[in-house]
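I have placed the structure first, in the form of structure tokens, so that the comments after it can refer back to it.
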């Protein structure tokens, strides 16, 4: 959930399939500038959550080792094509911690052997509370992972059942303490609001229980009904309903309670203490190049964005046969990249530099008159009111 930019890329890809070209064996061009950010997609989940639109599958134990070998071989292939100067690595999913201890050791040690990590600033791994153990946590810490994003989502057991999660609140809290005991000093907790049947009191109780644990970072996302999910179908049938007014109350409550607890909102859905902002995501929001490894992963380098085939068996077969796993490629113009940077940076506390909005004077003036944006240090940033309408404001520049 925390990896917002990959989600943004997924959404953009869905909207722009008409301009993509099928590319079963396409090898995107190389780049002279070093790529500093790597995203690795692990699609395996012990249970398929009914709200999640990311590519995921139940793991086939007989195929998992082969898949890990394919990931490492793709790293080799990308290293031959692109200068990689790693500053951040993000293992997302799916559930990376669904792998066994031995599989994680094989995979992470393989990454360490293949990459120069002397400039590494952050290595994040998403974890499900239902798949955290003391042994696994200790191994991750030993192999260089220094940041964990823990997918708690809610501290209410009934809501966790609605979400189809495999853990309960007690297990989630136990997992947090296991990670702290293993030595992790940067832990993020993911939460969701706007859930079916969720009350404002339940949401505020989840925020307070999270604060009591003192994680270093909190991500608070509003549930969206994504296509190709069970929740989307139930929403279409009228079983679940969105209430924008209630969602706004949840969001305002999150800002008020978290900021009062000294969590700084540095992006619409992300709050941190003591310099624990996600370096990885900040790089994406600033429009920096990144390479995606694994099935369905997106990459953006220079004037191209491409996506790997969204099937881990087909992905593994291609890579281990020496073929490209790329499924589609989208050429990017400078105008497209510029518009995306504006939309993403407006979501952050830094805002978009005023010169980026040259040519959009009419839109800026309208949003300023409506009290949605304000100028600060030669940047346009969203006001508290503007944050409630962030997507609508950003859409004006895309």
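Tabulated results
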quantity: D (Stokes-Einstein, µm²/s), Kirkwood Cα radius, segment 351-398, 1.567 mPa s at 4 °C; calculated: 123 µm²/s
quantity: Global geometry of segment 90-133, whether rounded, prolate or oblate, following the gyration tensor of its Cα atoms and the 1.5 cut on a/c; calculated: oblate
quantity: Theoretical gain in end-to-end length, residue 398 to residue 141 [0.36 nm per residue, Cα-Cα removed]; calculated: 88.5 nm
quantity: Distance between segment 290-341 and segment 218-280 - C-alpha centres, whole angstrom; calculated: 28 Å
quantity: Order of 338, 235, 167 under a 10 Å beta carbon neighbour criterion, fewest first; calculated: 338, 235, 167
quantity: Sorted by Cβ density within 10 Å, fewest first, the residues 320, 108; calculated: 320, 108
quantity: Overall form of segment 211-327 per C-alpha gyration tensor (a/c, 1.5; a/b vs b/c); calculated: oblate
quantity: Alpha-carbon centroids, segment 96-175 and segment 41-90: separation in whole Å; calculated: 14 Å
quantity: Cα radius of gyration and Dmax for segment 4-285 (Å); calculated: 19.1, 53
quantity: Of all DSSP beta bridges in segment 4-285, antiparallel share, percent nearest 5; calculated: 20 percent
quantity: Three-way shape call for segment 241-398 based on the alpha-carbon gyration tensor, with the a/c threshold at 1.5; calculated: prolate
quantity: Fewest-first ranking of 367, 106, using other Cβ atoms within 10 Å as the exposure measure; calculated: 106, 367
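Read-outs throughout are calculated quantities, based only on the coordinates presented, and are distinct from any laboratory measurement. Since this is a predicted model, take the numbers as computed values, not measurements. So basically every Cβ, Gly included, is an ideal-geometry build from the backbone, and we count neighbours across all protein chains shown.
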